[in-house]
Amino acid sequence: MTDILIQRSHNLGLEKARAVAAQWHSEAESDWGMDCTYVANETNAEGDVQDRLNFERAGASGYLCVSATQLTMKLELGFLMASFKDKIEEKITSNLDKLLG
């Protein structure tokens with residue numbers, strides 16, 4: 001497995017960050033064929049409230065954690081998709097940066 005980890009700090013607050021995650025969720029399902037499951041109001045290791053969007057498709061799986069101050073995405077690529085790691089990471093990074101404004 002090849003991992004991609006992307007973290008972005010933001011000043012949006014939880015509600016606006018949730019809107020960003022909802023937009024990414026929609027695009028992940030429609031554009032990339034991801035099956036997504038959204039879990040709201042978890043508590044992370046630091047005791048902060050966060051939401052978690054789990055996603056998967058053939059050859060890739062991961063999650064997007066959304067808090068009031070940070071977005072964290074971890075993506076695990078299978079063997080066949082690993083050769084596209086740089087391109088996938090660039091696309092996701094660009095997309096998240098655009099959504100965060």
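The values are calculated or read from the model by the stated rules, or taken from the named source; none is laboratory data. This one's a predicted model, so the numbers in the text were calculated from it and none came from an experiment. Methodologically, a virtual Cβ is constructed for each residue, glycine included, from the backbone with ideal geometry; neighbour enumeration extends over all protein chains shown.
Residues that are free of Cβ contacts under 8 Å to residues at least 24 places away in the same chain and of a type in the set (Ser, Thr, Tyr) within the range 3-33 comprise SER26, SER30, listed in sequence order.
Identify, please: which residue in the range 5-52 is outside any strand (DSSP E or B) and within 13 Å of TYR63 (Cβ to Cβ) and is, among those, modelled with the lowest pLDDT? So the residue we want is ASN44.
When the range 69-90 is limited to residues that are among the basic types (Lys, Arg) and either on the phi > 0 side of the Ramachandran plot or surrounded by 13 or more Cβ atoms within 10 Å (Cβ to Cβ) (or both), the one that is nearest to the chain's Cα centre (by Cα) turns out to be LYS74. Residues in the range 1-40 that are among the hydroxyl-bearing types (Ser, Thr, Tyr) and farther than 22 Å from THR69 by Cα were compared, and the one that is surrounded by the fewest Cβ atoms within 10 Å (Cβ to Cβ) is SER30.
Within the range 69-101, which residues are part of a strand (DSSP E or B) and not hydrophobic (A, V, I, L, M, F, W, C)? Selection gives GLN70, THR72, LYS74, GLU76. Suppose we keep only residues that are of a type in the set (A, V, I, L, M) and surrounded by 13 or more Cβ atoms within 10 Å (Cβ to Cβ) within the range 41-63. Which one would you say is nearest to ALA19 (Cα to Cα)? Looking at the filtered set, the residue picked out is LEU53. If VAL66 satisfies every condition in (1) in a strand (DSSP E or B); (2) touching a residue at least 60 places away in the same chain (Cβ under 8 Å); (3) crowded, with 18+ Cβ neighbours inside 10 Å but one, which is the exception? Result: VAL66 fails condition (2) only.
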